[in-house]
Amino acid sequence: MNMQTTSDSLLSGLNDKQLEAVTLPHQSALILAGAGSGKTRVLTTRIAWLIQTGQVSPQGLLAVTFTNKAAKEMLTRLSSMLPINTRGMWVGTFHGLCNRLLRAHHREAGLPATFQILDTADQLSSIKRLMRAMNVDDEKFPPKQVMGYINSCKEEGLRAHSVDAYDPHSQRMREIYEEYDKQCQREGVADFAELLLRCYELLERDAHIRQHYQSRFKYVLVDEFQDTNRLQYLWLKLLAGQDNCVFAVGDDDQSIYAFRGARVGNMLDFEHDFAVQNIVKLEQNYRSHSNILDAANAIITHNRNRLGKNLWTSAGKGEPVRVYQAYNDIDEANFIVDEIRMLHAEGMDLNQIAMLYRSNAQSRVLEHALFTAGLPYRVYGGLRFFERAEIKHALAYLRLIANPDDDTALLRVINFPARGIGARSLEQLQEAARQQDCSLWQAAVNKAGNGKPGKGIEGFVALIKQMQEESIGLSLAELAELASTLSGLRQYYLGEKEGEDRIANLDELINAAVAFTNQDIGMQVDENGEVAQSLLAQFLSHASLEAGEHQADAGRDALQLMTVHSAKGLEFKTVFISGLEEGLCPHEQSMYEANGLEEERRLMYVAVTRARQRLYLSYAQSRMLHGQVRYGIPSRFLDEIPEELLKRLNAKPTAKAGQDYNAMPSVMSSHQSGSQKNAMPWKIGQNVAHAKFGQGVVVSYEGNANDMRVQVNFGREGLKWLALEYAKLEKV
């Protein structure tokens, strides 16, 4: 009687599909849980129901989450549902559960009882130490790139001897991986990727241990199944065996971590490998209004390889999705700030408003607008623009150009990128500066003498002197580019696994320099570069001020800024999604990757479904890119939303639904010499490079390479420009 009453209370409040998922029979099942459909409740209630009805003991099931936070939340909810001690339950992340299993079977796994786990920083340090011992050139083989290679191999389930190597570079990488494995074994340590691989190998090799856990865990439950990589899926298959039930909860439409190794195809493989008869679709959304969900559904429908579902809600249509076409990125940021002020004045808390963007570099213009407006904000899951490591490095080089006696800046970059200056050399340099009562720079100059470019302190001195010489007469934007290029920063980040975002941030620093120069400060750069140096000093002060103010303290009401990747799993009353232009969202790199566009569309789907009540989508006719103007066209994702769901806050854009985006040339401003700036090269059917045409000139396209219609909108100066430049238009 009491058991029945408790069971009924567990199931109360569930909708029909949730109830079906929770009470499924003893079979493997796939739960397609749409955004805001209550998947955490379903997963936790499933565990509680299995225990309450006597189908399994708390120690007889295993639940896998992707974060420790999710695991703790699940255990807390279980404790409130059932009067059980959850302490001994196997609920945790892949890494946490593998660590637990390896501790119990360390001998069989070939590990010492007290083996230590290397975090990311420790692993990188270990790899650097090994590479020094192997005399590996860290410029040809950047340590972070080597670490990414090793981890990627492990996540594919490959040891060094199983990795293909086709050239001397890949052969050397394989050798480093092999030696790294030996070093870790000698020292009795394991990195994060090793925990899963070692655990998988143990279960595969040792039938007795494998059968023990297969007989123990009759039910295996997995959260965020769409984010599993290949090795995680193979591990689950081993653990489940032939007879156990796997309850996989996920959403193929929210698989956005391919760059981390996530494999959305695991969901299709799971359906086949486990002979899944029950696919339950949780489609009722408890988060957003209908207009927002209909927009998300319309976008994701264009993806082909879907398991298929359609979100709906009983909450009503709500407000239309607002679309704003800005003249440029600054206008876009100012519009967003004005709307936020209005919403806040109407009583909405700032922490219920999120500003989303595709890549980190886009935050700079938004942050500047918020800084100017005095609105508090936090960058969720990351750092503010001027606090990011690559920006601080570039600014440190600029500071040394302006003032080489800046010891703080010198210490930051004297060995970054690495140039063979170790801790001992720095100690000697600092001691010399103390004895000579001078700056570190002066001590370095005294030590270097007439040093030539190369490694070591002599090479660093020569580099800074070269920067100072080449900076004469350069604009502020050119100085920013000089600092990021000549220093080696740009080349260094090219070698990183996720260096693309860092390089984009360095490009955005050039844009920041252009924007700062364009302010009405009434200064000109003379031939000696004296005013440029003064402008540089002002810019450095500006960067320090923006880095040091307006980041809201913890607990304070503040706006939330974040990339779409960081926003997954979160929700807000109002969401702004900015930069919806071809090349930004979808990202231009996605056009060259297999299934890249589909992942970008899933990313847009995730962004849209973060909004509960009000959604803003914005794009700019032009924005700064690498210090030059880029003329953009609206993202194809905007065209995929039915017009009846939208409220356009200004004139509709020229580009219309049905245009051939694949045939459409990209509209980019080139980095041109002075003699080219007034030219208008035009080649229909291939990429086009444009100069800045004049005030307010915007180019829009419609059609394809064989039938191209061009519309040019002009500002006041544009008509005069047209008369002079029309004759230069090359017709093909």
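The values are calculated or read from the model by the stated rules, or taken from the named source; none is laboratory data. Bear in mind the structure is a predicted one, so any value in this text is a computation, not a measurement. Reconstructed Cβ throughout: ideal geometry from the backbone, glycine too, with neighbour counts over all protein chains shown. The accessibility values were calculated without ligands, DNA or RNA, using every heavy atom of the protein model including side chains. Shrake-Rupley method; radii C 1.70, N 1.55, O 1.52, S 1.80 Å.
Hey, does the range 253-269 have a residue that's under 23 Å from GLU20 (Cβ atoms) and of a type in the set (A, V, I, L, M, F, W, C)?
yes
Has the range 590-610 got any residue that is at pLDDT below 90 and either part of a strand (DSSP E or B) or touching a Leu at 6+ places or on another chain (Cβ under 8 Å) (or both)?
Scanning the range 590-610 turns up at least one residue that is at pLDDT below 90 and either part of a strand (DSSP E or B) or touching a Leu at 6+ places or on another chain (Cβ under 8 Å) (or both).
Going by the structure shown, is ASP16 out of contact with any helix residue (DSSP H, G or I) (no Cβ under 9 Å at 6 or more places or on another chain), modelled with pLDDT under 90 and open to solvent by 40 Å² or more (accessible area, probe 1.4 Å)?
Answer is no for this residue.
So ALA193 passes all but one of these: (1) closer than 19 Å to ASN99 by Cα; (2) among the small types (Gly, Ala, Ser); (3) over 24 Å from the mean Cα position of the chain (by Cα). Which condition number does it fail?
Just one mismatch for ALA193, condition (3).
Filter the range 495-536 down to the residues that are surrounded by 14 or more Cβ atoms within 10 Å (Cβ to Cβ), part of a helix (DSSP H, G or I) and more than 31 Å from the chain's Cα centre (by Cα), then identify the one that is modelled with the highest pLDDT.
So, considering only residues that are surrounded by 14 or more Cβ atoms within 10 Å (Cβ to Cβ), part of a helix (DSSP H, G or I) and more than 31 Å from the chain's Cα centre (by Cα), the one modelled with the highest pLDDT is LEU535.
Could you name every one of the helices (runs of 4 or more DSSP H) located completely within the range 411-488 that has at least 2 residues being buried (at least 19 other Cβ atoms within 10 Å of the Cβ), out of contact with any Leu (no Cβ under 8 Å at 6 or more places or on another chain) and of a type outside the set (S, T, N, Q)?
Per the criteria, 456-471, 476-486.
Look through ALA258, ALA262, ALA207, ALA248 and report the one residue that is among the hydrophobic types (A, V, I, L, M, F, W, C) and over 25 Å from ALA71 (Cβ atoms).
ALA207
Quickly run through the range 250-260 and pick out the residues that are assigned to a loop (DSSP other than H, G, I, E, B) and more than 14 Å from ASN595 (Cβ to Cβ).
Result: ASP251, single match.
List, please: which pairs have Cβ atoms under 6 Å, are six or more places apart or on different chains, and start with a residue in the range 371-394 that is farther than 17 Å from ASN351 by Cβ and end with one that is basic (Lys, Arg) and buried (at least 21 other Cβ atoms within 10 Å of the Cβ)?
PHE385/ARG364; GLU390/ARG502
Residue by residue, here is whether (1) farther than 20 Å from LEU238 by Cα; (2) surrounded by fewer than 14 Cβ atoms within 10 Å (Cβ to Cβ) holds:
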{"site": "LYS140", "(1), (2)": "yes, yes"}
{"site": "VAL146", "(1), (2)": "yes, no"}
{"site": "ILE150", "(1), (2)": "yes, no"}
{"site": "GLU156", "(1), (2)": "no, no"}
{"site": "GLN183", "(1), (2)": "yes, no"}
{"site": "VAL189", "(1), (2)": "yes, no"}
{"site": "CYS199", "(1), (2)": "no, no"}
{"site": "HIS208", "(1), (2)": "no, yes"}
{"site": "GLN214", "(1), (2)": "no, no"}
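Can you spot a residue in the range 226-239 that is over 30 Å from the mean Cα position of the chain (by Cα) and surrounded by fewer than 21 Cβ atoms within 10 Å (Cβ to Cβ)?
yes
Residue under question is ASP243, and the condition is that it be charged (D, E, K, R), assigned to a loop (DSSP other than H, G, I, E, B) and closer than 30 Å to HIS212 by Cβ; does it hold?
yes
Mind checking which strands (runs of 3 or more DSSP E) fall wholly inside the range 293-408 and carry at least 1 residues that are open to solvent by 20 Å² or more (accessible area, probe 1.4 Å) and not basic (Lys, Arg)?
The strands (runs of 3 or more DSSP E) meeting that bar are 321-328.
Assess whether ALA21 counts as being open to solvent by less than 50 Å² (accessible area, probe 1.4 Å), over 20 Å from LEU82 (Cβ atoms) and in contact (Cβ under 8 Å) with a residue 40 or more places away in the chain.
In short, no.
Condition test on GLU108, is it in contact (Cβ under 8 Å) with a residue 12 or more places away in the chain, closer than 23 Å to MET267 by Cβ and among the acidic types (Asp, Glu)?
no
What residue, among those in the range 552-569 that are open to solvent by 20 Å² or more (accessible area, probe 1.4 Å) and under 15 Å from the mean Cα position of the chain (by Cα), is farthest from VAL379 (Cα to Cα)?
Checking each candidate, the answer is GLY569.
Answer yes or no: is there a residue in the range 168-181 that is among the aromatic types (Phe, Trp, Tyr) and free of Cβ contacts under 8 Å to residues at least 12 places away in the same chain.
No: the range 168-181 contains no residue that is among the aromatic types (Phe, Trp, Tyr) and free of Cβ contacts under 8 Å to residues at least 12 places away in the same chain.
Go through (1) of a type outside the set (S, T, N, Q); (2) over 27 Å from ARG610 (Cβ atoms); (3) exposed (fewer than 15 other Cβ atoms within 10 Å of the Cβ) one by one and return the number of the condition GLU73 breaks.
With respect to (1) of a type outside the set (S, T, N, Q); (2) over 27 Å from ARG610 (Cβ atoms); (3) exposed (fewer than 15 other Cβ atoms within 10 Å of the Cβ), GLU73 is out only on (2).
Are any of the residues in the range 377-385 modelled with pLDDT of 90 or more and at negative phi?
yes
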